[in-house]
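For reference, the structure is listed below as structure tokens.
The values are calculated or read from the model by the stated rules, or taken from the named source; none is laboratory data. Treat the numbers as computed from the prediction; the structure is a model and nothing was measured. Every residue, glycine as well, gets a Cβ built from its backbone with ideal geometry; the counts of neighbours run over all protein chains shown. When the accessible area is computed, the model is the full protein with side chains, heavy atoms only, and any ligands, DNA or RNA have been set aside. Shrake-Rupley method; radii C 1.70, N 1.55, O 1.52, S 1.80 Å.
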Amino acid sequence: MELAGVLLVTSVLLVFAFLLLTVSLMRLRGTTRELQSALEDESGARDRAALLLTIASAVNSSLALEEVLNVALTHAGRIMGAVAGAMYLVEPGKTDMKREGEYNLAHRARGAVRKIEEEPVRTAIAAMRPLVVKLDERTAPGIEGGGHPQHALVVPVQRSGQLMGAMELYLNSWRELTEDQADLLNGVASQAAIAIRHAQLFQAQEENALTDELTKLPNRRALAQRFLQEMQRARRHHKAIAFMMIDLDHFKQVNDTYGHLNGDAVLAELASILEHGARESDVCARYGGEEFGLILHETTEAGARTLAERIRAKVAAATFPGGLKLTISIGVAATDEPALFTTLMERADQALYAAKQGGRNQVRIADMKAVPAKQQQHA
């Protein structure tokens, strides 16, 4: 009996010890899971903080909108496990958004424009919070490497209550957003909004510096920049280029007789006629005073002459502020010889002088084969 009692007590103790060990292991596993969860949360917090810091650094160090949007898209896409992404920006004065940034999309992927009142952006924009929406065939862009995503995580981008655009992160399956993920995406959107605003302000400053205040045409500085670009393009593609110099006849008499305010109105009207008379590919600018310049893209001498005569006739037929009937003189220079591109402005100006000396209200074409006047003087 004594041995049986000892065995019984021993068995009870062993069972009790086993139970204690089991409870301890369960508590340890629970603690391990809690620690692991805490570490994951901490790691996630570090990732979120690192993402926002990276985007903020890009915003503060660059005015290049494309660069900042790329940083926001790729990092947010990585965190959310997106297969591709795109950033759409609101077009001023329109109800459309245009795709201005992207990654991992196929070449010429559809959906380059999003209408604000249509899916996949309508619901998210109305709610002004990140939402996962299902894509259909009409709105799903192609992914680089093939295929189309089934869902898009749409993140509205706004600043001070103003919609500036939307970010789309493309997913292959539906998912519910956690509160932390939504907060992260809102943070990314806020940084993107700052970048967009910075870029808009910078662009406005650049446009002001390159725009004539009275006529709203490009100014002489902008004309010089565009002329350099057009020369480079003409060289690359072996195309002709032409330049047209225009002067309003007897403009001093307009100012002296009708005053400078009426003179300004006349110049603004002339600018409008020239801009609408030129082709869409041409560059019309105010050169200075009553002089204007036109860069004619891929235009031969014959084409430049035809356009110049058409513009001259339109001006002669127009009625200017104050009921005035006015005329213009035009000098044209055109060539497909790259070595002569840099002389086009000077030759057009010389042709303009000849038109004014010849009686005004006419077009004169520069002889590009003749020796320039400056070279004759030094001969």
Study note, to complete from the structure: Residue pairs qualifying under the 6 Å Cβ cut-off, at least six apart or on distinct chains, with the first in the stretch 357-369 being farther than 15 Å from Ile328 by Cβ and the second being part of a strand (DSSP E or B), are Ile365/Val332; Ala366/Ala333; Met368/Thr335
Study note, to complete from the structure: Across (1) touching a residue at least 60 places away in the same chain (Cβ under 8 Å); (2) within 38 Å of the chain's Cα centre (by Cα); (3) within 18 Å of Leu223 (Cβ to Cβ); (4) surrounded by 12 or more Cβ atoms within 10 Å (Cβ to Cβ), Thr342 clears everything bar (4)
Check your understanding: So which pairs qualify, if the first residue must be in the stretch 268-287 and more than 20 Å from Thr299 (Cα to Cα) and touching a residue at least 60 places away in the same chain (Cβ under 8 Å), the second must be outside any strand (DSSP E or B) and open to solvent by 60 Å² or more (accessible area, probe 1.4 Å), the Cβ gap must be under 7 Å, and the two must be at least 6 apart or on different chains?
Key -> Tyr287/Arg220
Exercise for review: Have a look at Met368, Met345 and point out the one that is part of a loop (DSSP other than H, G, I, E, B), of a type outside the set (D, E, K, R) and in contact with a strand residue (DSSP E or B) (Cβ under 7 Å, 6 or more places away or on another chain).
Suggested key: Met368
Review point. Counting just the residues of the stretch 46-95 that are at pLDDT 80 or above and either at positive phi or among the small types (Gly, Ala, Ser) (or both), which one comes out most open to solvent (accessible area, probe 1.4 Å)?
Key: Gly81
Study note, to complete from the structure: Just one listed residue, out of Thr257, Thr211, Thr215, is closer than 30 Å to Gly322 by Cβ and within 19 Å of the chain's Cα centre (by Cα), and it is Thr211
Point to revise | Qualifying position, being open to solvent by 50 Å² or more (accessible area, probe 1.4 Å), polar (S, T, N, Q) and modelled with pLDDT of 90 or more, among Gln158, Gln150 | key: Gln150
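Hand me the list of strands (runs of 3 or more DSSP E) wholly inside the stretch 73-139 holding 1 or more residues that are more than 21 Å from the chain's Cα centre (by Cα) and touching a residue at least 24 places away in the same chain (Cβ under 8 Å).
Values: elements: 84-90, 96-103, 113-115, 131-134.
Qualifying strands (runs of 3 or more DSSP E): 131-134.
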Practice item. Inspect the stretch 197-213 for any residue being small (Gly, Ala, Ser), surrounded by 12 or more Cβ atoms within 10 Å (Cβ to Cβ) and touching a strand residue (DSSP E or B) at 6+ places or on another chain (Cβ under 9 Å) and give the result as yes or no. Key: no
Revision key, fill the gap. Condition set in contact (Cβ under 8 Å) with a residue 60 or more places away in the chain and not in a strand (DSSP E or B), scope the stretch 161-182, selection least open to solvent (accessible area, probe 1.4 Å): answer is Gln181
Practice item. Could you check, for the stretch 242-251, whether at least one of its residues is at negative phi, open to solvent by 40 Å² or more (accessible area, probe 1.4 Å), out of contact with any strand residue (DSSP E or B) (no Cβ under 8 Å at 6 or more places or on another chain) and not in a loop (DSSP other than H, G, I, E, B)? Key: no
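Could you list all residues from the stretch 261-299 that are of a type in the set (Lys, Arg) and surrounded by fewer than 18 Cβ atoms within 10 Å (Cβ to Cβ)?
The initial filter retains those residues of the stretch 261-299 that are of a type in the set (Lys, Arg), namely 279, 286.
Residue satisfying the conditions is Arg279 alone.
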Exercise for review: Out of Ala308, Ala302, Ala316, report the one residue that is surrounded by 15 or more Cβ atoms within 10 Å (Cβ to Cβ) and not in a loop (DSSP other than H, G, I, E, B).
Suggested key: Ala308
**Study point:** Residue under evaluation Thr335, criteria (1) of a type in the set (Val, Ile, Thr); (2) open to solvent by less than 40 Å² (accessible area, probe 1.4 Å); (3) within 21 Å of Leu214 (Cα to Cα), criterion not met
**Key:** (3)
